[in-house]
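Here's the structure, in C-alpha cells; my notes come after.
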Amino acid sequence: MGYERLVDELGVHLVDGYPPHGWWACYDHRTHTILRRPDLGTLQRKVATYHELGHAYYRHSGCNPRQEVQASVWAARQMITPRAFIEAAQITDDLQHIAHHLGVMKRDVEYYLRSFTYEEMVAMREQIGWGHP
C-alpha cells in the first residue's frame, strides 16, 4: 500500500479495531497509535491510514477543523506525486476520474490541489496543458 515505510519512520502502532463514532480510523497521540476498522475496503483503508499518519506526523491531540485539514493535506501530498497527478490530469480534467487513476479519493485530489501556492498551481497547469487560471 505504500504507507508501511511511513508507519516505521514515524514509529506509529497500527491496530485493527473499531474507532468511535463510526470513523474509519483514529489517532491516539498518547500512545502514538492508529486504530483502524478491520472491515474497510482497500481504498478506504489506504486513505484513512494516510490521513491518520498525518495526525501522527504532526502529533495532533484532539480533533478540530484546522488539524483535520492539515492531516488531509499531508496525506494527499504523500499519496499523490506531481508527476502522477500531471499524467492523470493530461488524460482528464474531471477530479473523480483523476482520483480513480491515482488510486485515491476525490477529496484527496481536492486537498492536493488546495495545498499549492498560486505559483505552483500556475506551473502545474502549464505542465498539464490547462493554460492559465
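In percent, how large is the relative contact order of segment 1-71, given Cα pairs closer than 8 Å and 6 or more residues apart?
Value for segment 1-71: 28 percent.
Give me the one-decimal Kirkwood hydrodynamic radius in Å for segment 81-133, with the sum taken over alpha-carbon pairs.
The answer is 11.0 Å.
Based on DSSP H runs of at least 4 residues, each adding -39500 (n - 2.57), what is the mean residue ellipticity at 222 nm of the chain after dividing by all its residues, to the nearest 500 deg cm²/dmol?
Calculated mean residue ellipticity at 222 nm is -17500 deg cm²/dmol.
Quick check for me: using +1 on Lys/Arg Cβ and -1 on Asp/Glu Cβ, what's the dipole size of the chain about its Cα centre, in debye to the nearest 20?
For this selection, approximately 260 debye.
Can you tell me the relative contact order of the chain? Whole percent, Cα pairs under 8 Å, sequence separation 6 or more.
Contact order relative to length: 17 percent.
Largest first and in whole Å, give the semi-axes of the chain's equivalent ellipsoid, each being the square root of 5 times a Cα gyration tensor eigenvalue.
That gives 29, 15, 12 Å for the three semi-axes.
How big is D, in µm² s⁻¹, for segment 48-110 by Stokes-Einstein at 25 °C and 0.890 mPa s if Rh is the Kirkwood radius over C-alpha pairs?
Working: Rh = 12.1 Å.
The estimated diffusion coefficient comes to 202 µm²/s.
Treat each spin label as a single point 7 Å out from the Cα along the C-beta direction, and report the THR42 to VAL7 distance in nm.
Taking the two extended label points, one gets 1.7 nm.
For segment 34-117, what does the accessible surface come to per residue with a 1.4 Å probe? Please give it in Å².
On a per-residue basis, segment 34-117 sits at 50 Å².
Cα axis of helix 42-58 to longest principal axis of the chain: angle in degrees, 0 to 90, nearest 10?
Here the helix axis deviates by roughly 80 degrees.
For a quick check of your reading of the filter: which GluC sites (Glu not before Pro) in segment 35-108 sit in a DSSP loop and have no more than 11 other Cβ atoms within 10 Å?
Passing sites in segment 35-108 do not exist.
Which angle between 0 and 90 degrees, to the nearest 10, do you get for helix 118-128 versus the longest principal axis of the chain when only C-alpha atoms count?
70 degrees
The values are calculated or read from the model by the stated rules, or taken from the named source; none is laboratory data. Predicted model only: the values in this text are computed from it and were never measured. With ideal geometry, Cβ positions are generated from the backbone for all residues, glycine too; neighbour counts draw on all protein chains shown. Calculation scope for accessible area: heavy atoms of the full protein, side chains included, ligands and nucleic acids excluded. Shrake-Rupley method; radii C 1.70, N 1.55, O 1.52, S 1.80 Å.
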